[in-house]
Amino acid sequence: MDDFFDIRDETGARPTLVICPACNQPGFHAAWPWILNTRDTEATHLLLEGKLFKYQCPVCDKGTTFAYDCLYHDADHRVLLLYSSGLYPEEQLIESLEKHADHAQWNSGSQTPAYRRRIVISPFEFYEKARLFEHGYDDRVIELMKVAIKRGMLKEGIIGASDTLVYERTLDDDSISFIVFGEVPGDVVGNPRGYEYLEKLLKDSQESLEGEYRFNSSWAERFLP
Ligand SMILES: [Zn+2]
């Protein structure tokens, strides 16, 4: 089987043939299998805007999502974020991610902080994590915050049990805005003090998070008492 990261030295977009599901006409989708934020500014912009996998049919103009395996390297915040479409087994992804992280670490010197390595399996999660790392947050703290906020909202009956919170942005007063998707759509704001509290809780915890790549709501549910 070919190694996912054999493509790592290629730069730029790869034109990929796709068939529009609405009108069946073929077209080309610009796929970026590897994105380095300091070099691939166009792809980084699309990713942060949540539009990386969007394909606009030139014939019927219908928008469709065409997702593909993609590694995002955020050199500023020292993150390697891998979106997996399920094409490769998880062990292989982890192996490649570790290899790539070692390489990035080597390039930036041993005195620098370690790279965070993450695997995500939905485009939504991919967009969300890229954005929150860009804004300087720790994704694990954000996941804990989402669970804590949701529990409070459930108690008050103002959110559905299967509704999800997605990080949106930082507001002018440093509070953190989340969008609620599902039964009761809307938005909710998290207090920066809450973030600091959960950050400390995570730091003080005795749990070893070594070798974990998937920090999502199920992880946060398990972590929070
Ligand atoms: Zn079409």
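So for the chain: antiparallel DSSP bridges make up what percent, rounded to the nearest 5?
On the way: 25 of 33 bridges.
Antiparallel: roughly 75 percent of the beta bridges in the chain.
Could you list MET145, MET153 so that the one with the fewest beta carbons within 10 Å of its beta carbon is first and the one with the most is last?
On the way: MET145 24, MET153 18.
By the 10 Å Cβ count, ascending, the order reads MET153, MET145.
Can you find, among THR41, ALA101, ILE142, the residue sitting farthest towards the positive end of the charge dipole of the chain, where Lys and Arg contribute +1 and Asp and Glu -1 at Cβ?
After comparing all options, I get ILE142.
Sorted from fewest to most neighbouring beta carbons within 10 Å, what does the list PHE181, PHE223 look like? Working shown, then result.
Values: PHE181 15, PHE223 18.
Fewest-to-most Cβ neighbours within 10 Å comes out as PHE181, PHE223.
Given a cut-off of under 8 Å on Cα pairs at least six residues apart, what relative contact order in percent is computed for segment 57-124?
Values: 70 pairs, mean separation 24.2, N = 68.
After rounding, I find 36 percent.
Pairing rule first: another cysteine's C-beta must sit under 4.7 Å. Under that rule, which cysteines of the chain stay single?
Cys with no partner Cβ under 4.7 Å: CYS70.
Under the definition of Cα pairs under 8 Å and six or more residues apart, what whole-number percent is the relative contact order of segment 1-145? Can you show the working numbers first?
Details: 197 pairs, mean separation 29.0, N = 145.
That works out to 20 percent.
From Cα pairs below 8 angstrom and at least 6 apart in sequence, can you work out the relative contact order of segment 139-223, rounded to a whole percent? Present the calculation step by step, with values, prior to reporting the outcome.
Numbers: 98 pairs, mean separation 27.9, N = 85.
Relative contact order for segment 139-223 comes out at 33 percent.
Order 17-28, 95-106, 203-214 from most to least packed using the mean count of other Cβ atoms within 10 Å. Before the final figure, lay out the partial values.
Working: 17-28: 13.2, 95-106: 15.8, 203-214: 9.5.
Highest mean packing first, the order is 95-106, 17-28, 203-214.
Pairs on different chains or at least eight residues apart, Cα atoms closer than 25 Å: how many lysine pairs in the chain fit?
16
Just to verify a number: FRET efficiency for LEU154 and ILE121, C-beta to C-beta distance, R0 = 30 Å, to 0.05? Mind dumping the intermediate values first?
Numbers: r = 25 Å, r/R0 = 0.83.
Rounded to the nearest 0.05, the efficiency is 0.75.
Any chance you could check the Cα centroid distance between segment 190-207 and segment 75-110 for me, in angstrom?
26 Å
About its Cα centre, how strong a charge dipole does segment 1-139 have in debye, to the nearest 20, once Lys and Arg get +1 and Asp and Glu get -1 at the Cβ? Can you show the working numbers first?
Values: 13 positive and 22 negative charges, 78 e Å.
Charge dipole, segment 1-139, about its Cα centre: 380 debye, nearest 20.
Just so you know, all these numbers are worked out from the coordinates, no wet-lab data involved. No experiment lies behind these values; they were computed from the predicted model shown. Cβ sites come from the backbone with ideal geometry, for glycine too, and all protein chains shown count toward neighbours.
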